[in-house]
Structures are given as C-alpha cells and as structure tokens.
1. Return the residues of the range 79-97 that are within 24 Å of LEU25 (Cβ to Cβ), of a type outside the set (D, E, K, R) and surrounded by 15 or more Cβ atoms within 10 Å (Cβ to Cβ); say none if nothing qualifies.
2. Could you check the range 20-70 and list, in sequence order, the residues that are of a type in the set (A, V, I, L, M, F, W, C), over 16 Å from GLY108 (Cα atoms) and in contact (Cβ under 8 Å) with a residue 12 or more places away in the chain?
3. For the range 59-76, give me the residue count where each residue is at pLDDT 90 or above and assigned to a loop (DSSP other than H, G, I, E, B).
4. Can you tell me which residue within the range 100-142, out of those that are in contact with a helix residue (DSSP H, G or I) (Cβ under 9 Å, 6 or more places away or on another chain) and of a type in the set (S, T, N, Q), is nearest to LEU35 (Cα to Cα)?
5. Just checking, which of THR122, THR109 is part of a loop (DSSP other than H, G, I, E, B), of a type in the set (Ser, Thr, Tyr) and either exposed (fewer than 15 other Cβ atoms within 10 Å of the Cβ) or over 11 Å from the mean Cα position of the chain (by Cα) (or both)?
6. For the range 77-88, which positions are more than 23 Å from ALA10 (Cα to Cα) and part of a loop (DSSP other than H, G, I, E, B)?
7. Any idea which residue in the range 89-106 is farthest from ALA10 (Cα to Cα), counting only those that are of a type in the set (S, T, N, Q) and within 16 Å of the chain's Cα centre (by Cα)?
8. If I ask for residues that are closer than 18 Å to PRO140 by Cβ and touching a residue at least 12 places away in the same chain (Cβ under 8 Å), which ones from the range 6-19 would you list?
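The values are calculated or read from the model by the stated rules, or taken from the named source; none is laboratory data. Not measured: the values here are computed from a predicted model. Glycine also receives a Cβ, built like all others from the backbone with ideal geometry; neighbour counts cover every protein chain displayed.
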Amino acid sequence: MATNFKLSNAAASACAGNGVNLGLLPLLAGAKIHLYDGTQPTHPDIAIGTSYNDFCSAVPVTLASPAGTVSNGVITMGTVTSGTCTYTGTPTWFRIYASDGSTVLADGTVGEAGCDLNFNTTDFISGGTIAVSSWTITVPAH
C-alpha cells in the first residue's frame with residue numbers, strides 16, 4: 001500500500017512553530033547560515049569536512065531572535081544580519097546551524113531563482129557582503 005501522509009495547515013504551523021507550540025521557529029532564533037559550493041550532502045546529519053569552501057566562515061549570515069513569524073506553516077524571516085564573504089566563487093547550497101554555531105538544523109539549495117535561498121547573483125567575491133533581503137521556509141501542508 002502506498003503512503004499518503006499529509007499535514008493540515010494547523011499541524012504544519014505547529015511544526016514550523018506558531019508561537020504557542022515548539023517547532024522549527026524557536027530553533028532558528030539567532031541561527032547561523034553558511035554557504036558552500038559543491039554537491040549538497042544527501043541530508044543535514046552528514047558532516048561536511050573540509051572538502052567544501054565556506055563562503056562565510058568568518059562572519060556568517062545570522063537570523064534574528066525571534067527569527068520571524070509563522071502563518072499556515074510558512075516561516076517568514078524577520079531581519080537577517082548580513083555576513084562577509086570569505087571565498088570567491090559560486091555557492092550551491094547552505095547549511096543552517098543553531099545559534100551555538102555547531103548544531104546542524106537544515107540544508108538547502110542556493111541559486112538565483114527556484115532554490116531554497118535565492119540571491120540576485122551567485123557570483124560571490126571574497127570580502128563582499130552576503131545579504132538576504134527576504135526569505136521564507138515552508139513546512140508543507142497537504
């Protein structure tokens with residue numbers, strides 16, 4: 001028999017963290033975003049080692065605390081503090097670390113359109129600013 005498990009909007013919001021229940025949103029408070037090149041690991045629990053270039057190793061992009069708001073399972077980030085680019089090239093994926101800088105929360109794709117985190121350009125230059133003007137993460141419902 002096939003699986004067809006789906007969340008309601010209320011359940012997706014609870015998973016995202018709707019301010020009443022725990023969820024992803026509280027974990028994102030003060031989280032650090034690092035951008036990498038190469039092939040994204042198959043899941044966030046895989047250690048990445050030194051084979052990837054970290055585009056913001058010195059000053060990562062940092063989420064606010066609280067990180068944002070939730071509506072129907074969509075987390076809309078609040079103010080995102082810019083990072084400083086430490087590598088010249090093109091990032092292809094990101095990893096979100098909790099505010100402690102080491103606990104891995106999630107991975108996603110980086111690009112200019114149709115990715116989990118989109119930038120106006122992905123031609124990054126060492127010493128430049130890495131700015132995120134707006135960003136949403138969706139915990140899927142039905």
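1. Of the residues in the range 79-97, the ones within 24 Å of LEU25 (Cβ to Cβ) are 79-83, 93-97.
Those still in the list that are of a type outside the set (D, E, K, R) too: 79-83, 93-94, 96-97.
Selection gives VAL80, THR81, SER82, GLY83, TRP93, PHE94, ILE96, TYR97.
2. From the range 20-70, those of a type in the set (A, V, I, L, M, F, W, C) are 20, 22, 24-25, 27-29, 31, 33, 35, 46-48, 55-56, 58-59, 61, 63-64, 67, 70; that's our starting set.
After this cut, where a residue has to be over 16 Å from GLY108 (Cα atoms) as well, the list is 20, 22, 25, 27, 29, 58-59, 64, 67, 70.
LEU25, LEU27, ALA29, ALA58, VAL59, ALA64, ALA67, VAL70 - these are the residues of the range 20-70 that are of a type in the set (A, V, I, L, M, F, W, C), over 16 Å from GLY108 (Cα atoms) and in contact (Cβ under 8 Å) with a residue 12 or more places away in the chain.
3. 5
4. Within the range 100-142, the subset in contact with a helix residue (DSSP H, G or I) (Cβ under 9 Å, 6 or more places away or on another chain) is 103, 105-106, 137-142.
In the following step, the residues that additionally are of a type in the set (S, T, N, Q) were identified as 103, 138.
On the way: THR103: 16, THR138: 20 Å.
Here the residue is THR103.
5. Numbers: THR109 fails: part of a loop (DSSP other than H, G, I, E, B).
Of the residues listed, the single one that is part of a loop (DSSP other than H, G, I, E, B), of a type in the set (Ser, Thr, Tyr) and either exposed (fewer than 15 other Cβ atoms within 10 Å of the Cβ) or over 11 Å from the mean Cα position of the chain (by Cα) (or both) is THR122.
6. Initially, the range 77-88 is screened for residues more than 23 Å from ALA10 (Cα to Cα), giving 79-88.
THR79, SER82, CYS85, THR86, TYR87, THR88 - these are the residues of the range 77-88 that are more than 23 Å from ALA10 (Cα to Cα) and part of a loop (DSSP other than H, G, I, E, B).
7. Applying the first criterion (of a type in the set (S, T, N, Q)) to the range 89-106 yields 90, 92, 99, 102-103.
Now narrow it down to the ones that are within 16 Å of the chain's Cα centre (by Cα): 92, 99, 102-103.
Details: THR92: 32, SER99: 27, SER102: 31, THR103: 27 Å.
Within the range 89-106, the match that is farthest from ALA10 (Cα to Cα) is THR92.
8. Step one: filter the range 6-19 for residues closer than 18 Å to PRO140 by Cβ, giving 6-18.
Scanning the range 6-19 gives LYS6, LEU7, SER8, ASN9, ALA11, ALA12, SER13, CYS15, ALA16, GLY17, ASN18.
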